[in-house]
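No value in this document is a laboratory result; all are computed from the given coordinates. On a predicted model such as this, the values are computed, not experimentally measured, just so you know. Every residue, glycine as well, gets a Cβ built from its backbone with ideal geometry; the counts of neighbours run over all protein chains shown.
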Amino acid sequence: MLIRRARKEDYPAFAAIEAEHPGYPAWGERGFAAEEANRNSVTLAAELDGRTAGFINFWILRPQVQLNTLAVGRAFLRRGAAAALLGKLFEYAAKSLCREVDLEVNEHNAAAIALYRRHGFEVVGKRPKFYNNTDAALLLRRVLPSKDL
Ligand SMILES: CC(C)(COP(=O)(O)OP(=O)(O)OC[C@H]1O[C@@H](n2cnc3c(N)ncnc32)[C@H](O)[C@@H]1OP(=O)(O)O)[C@@H](O)C(=O)NCCC(=O)NCCS
């Protein structure tokens, strides 16, 4: 598993991964490209067997990191890609002296909630009807151990 900075050439693969998850809020190629203008924004790609397996985007907003989007292609699920992408986010957070990582997740997204709980996130809030005016968003936060800073 290789985790590296994303490149323009990755954006079609990222959009294809998004399309494999109906209902997931998609950025599309343009959305990823637009992030290049944001100096606080980091987009990483996961590569498995030489193929683009997944992506993550987050903003470094010291003292917080905001996780904006994370997805893995169907062919690569449950092989640790999301865990590896999250691990790299935590490295960036520590290097940037960020104490908290925040994100929003659909209350019905059991896979993602399991992933985040396993990585130390806790529910700190809820936004009703956040997605399509129907599903609530859970606000999750992980406070980094001070030894990591
Ligand atoms: C959520 C998602 C990113 C997980 O990606 P992944 O690469 O399959 O996750 P990993 O292999 O790194 O899993 C790490 C751990 O998360 C948990 N997990 C992941 N998928 C799970 C599932 N479907 N059901 C239950 N637990 C799950 C498990 O604890 C897993 O460890 P294990 O495989 O040893 O049991 C993926 O399902 C996805 O892309 N979903 C659609 C997009 C999305 O919802 N993104 C979240 C945005 S908030």
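For the range 103-149, what value does the Rg/Rh ratio take when both radii are computed over Cα atoms and Rh is the Kirkwood radius, given to two decimals?
That ratio equals 1.07.
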What is the pair-distance distribution P(r) of the range 2-148, computed from all Cα-Cα distances in 5 Å bins starting at 0, with each bin given as a whole percent?
2, 9, 20, 22, 22, 17, 7, 1, 0
Output ³J(HN,Hα) for the range 12-19: one whole-Hz value per residue in order, computed from phi by the Karplus curve 6.51 cos²θ - 1.76 cosθ + 1.60 with θ = phi - 60°, and x for Gly and Pro.
x, 5, 5, 5, 5, 5, 4, 5
For SER41, SER146, order by how many other beta-carbon atoms lie within 10 Å, fewest first
SER146, SER41
Quick one: if the Förster radius is 30 Å, what FRET efficiency do ALA26 and HIS108 give, using the C-beta to C-beta distance and rounding to 0.05?
0.95
Of PHE130, PHE121, PHE55, PHE76, how do they rank once you tally other Cβ atoms within 10 Å and put the fewest first?
PHE130, PHE76, PHE121, PHE55
